[in-house]
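Heads up: the structure comes next, in structure tokens.
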Amino acid sequence: MNSLTLLVFVLALGSINCFEGWVESTPDIEEQCIEQEKVAEKDLKDMDDNSVKCYYHCIYEKQGIIANGVYKGNLAGCSDVKDANKCELAVKLVSCSILKNKS
């Protein structure tokens, strides 16, 4: 993953420290998730694309932020974020973290 894509990823999350226990993504995790979800790097900022949503879920799952479809972090105001669809859950957490970091 190139530096620009990594920067877009970090900016999309709002802050690398927005989740308690966040472990910064490594290029290995990012590449694994890109391959697993069959998403193109150029599309990573398209949060309406289901493959991109699942890419974020993959990152969160590998970092332990989401386990068995449940948010395991401790970001104030986001603990009630739920969704039966694991990929939608990841996108809701991205949105929540961005909103919480702006306030």
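Structural remarks
- Failed item in (1) open to solvent by 20 Å² or more (accessible area, probe 1.4 Å); (2) in contact (Cβ under 8 Å) with a residue 40 or more places away in the chain, with residue 94 passing the rest: (1)
- Among the residues listed as 95, 79, the single one being of a type in the set (S, T, N, Q) and assigned to a loop (DSSP other than H, G, I, E, B): 79
The values are calculated or read from the model by the stated rules, or taken from the named source; none is laboratory data. Treat the numbers as computed from the prediction; the structure is a model and nothing was measured. Neighbour counts are summed over all protein chains in view; Cβ atoms, including those assigned to glycine, are modelled from backbone coordinates with ideal geometry. To get the accessible areas, we keep the full protein, side chains included, count just its heavy atoms, and leave off ligands, DNA and RNA. Shrake-Rupley method; radii C 1.70, N 1.55, O 1.52, S 1.80 Å.
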